[in-house]
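Here is the structure we will look at, set down as structure tokens.
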Amino acid sequence: MANVACRYVLEEPAVGGVIIGAHLGQTDHIQNNLRVFQFSLDELSRSKIRDVLARLNPIPGDCGDEYRRPPFLTASGDLSHHVESFPLPYESRDSEDGRTVVLSGKGRAVRRDDHITISATDAAYGNRVIGGQDVAAQFHFVVDKIEGALNSLGGRLEDIVCTNVHIREAADVEAVARAHMERFCGIQLANTMTRAKLEKEGSLVEIQAEAVVKKPER
């Protein structure tokens, strides 16, 4: 049953991967999990699963943050005590003119002194757009990518002072505004939202951002 559930999720066009729960120190589940890649679901099977899902109550709120930012909570507690450090999301390189540059897929982030500029970033992951046709889901993934670029340059999401959001459809204004408020609540930043013809097929939203890295308090 678990393998069928994982396979169904993996075959969704907006999904880039799944996180399978595991107990630290136990490896006997690995071979069973690999069976996920030994079969596929036909349309009749997917239709039956969709019928069942339609009768379930949605889970309120977001999930997955416990795996993306500290404390990394697991069944055994905070994962942080098992490792000395975590790698940065993206590799950075220094330029001769004093800038530090990070490439996050097709997006680019540049830091000079305490100022970070992030170019228009979409929800693309390779050839796939994460979030499908859910503009809010795409928005959250874009913010995750921007946060990763900031972390790689020594900044945080709270350092953002300005965002410029581009949306494909005018009807998505409210959904994007709500998602923006959710991610940047408490951060007093300037924001502009415009409707634009986005280049990436299937992309519903792009975000540009500027940040000023705050100096640590002494």
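Consider the range 99-109 and keep the residues that are part of a loop (DSSP other than H, G, I, E, B) and at pLDDT below 90. The one that is farthest from residue 152 (Cα to Cα) is 106. If you go through the range 178-208 and keep only what is under 16 Å from residue 128 (Cβ atoms) and touching a Phe, Trp or Tyr at 6+ places or on another chain (Cβ under 9 Å), you end up with 204, 205. When the range 164-218 is limited to residues that are among the acidic types (Asp, Glu) and modelled with pLDDT under 95, the one that is surrounded by the most Cβ atoms within 10 Å (Cβ to Cβ) turns out to be 182. Being exposed (fewer than 13 other Cβ atoms within 10 Å of the Cβ), closer than 18 Å to residue 106 by Cα and out of contact with any Phe, Trp or Tyr (no Cβ under 7 Å at 6 or more places or on another chain): is that true of residue 127 here? Yes, satisfied. For the range 108-124, taking the residues that are over 15 Å from the mean Cα position of the chain (by Cα) and not hydrophobic (A, V, I, L, M, F, W, C), the one that is surrounded by the fewest Cβ atoms within 10 Å (Cβ to Cβ) is identified as 113. Pairing residues of the range 91-107 that are surrounded by fewer than 12 Cβ atoms within 10 Å (Cβ to Cβ) with residues that are among the polar types (S, T, N, Q) and not in a loop (DSSP other than H, G, I, E, B), at Cβ distances under 8 Å and at least 6 apart in sequence or on separate chains, gives 91/152; 93/100; 94/100. Within the range 6-56, being outside any helix (DSSP H, G or I), in contact (Cβ under 8 Å) with a residue 12 or more places away in the chain and farther than 21 Å from residue 132 by Cβ holds for 20, 21, 23, 24, 39. When the range 148-160 is filtered for residues that are among the acidic types (Asp, Glu) and either surrounded by fewer than 20 Cβ atoms within 10 Å (Cβ to Cβ) or touching a Cys at 6+ places or on another chain (Cβ under 9 Å) (or both), only 158 remains.
The values are calculated or read from the model by the stated rules, or taken from the named source; none is laboratory data. Because the structure is a prediction, the values reported are computed rather than measured. Every residue, glycine among them, receives a Cβ derived from its backbone with ideal geometry; neighbour counts consider all protein chains shown.
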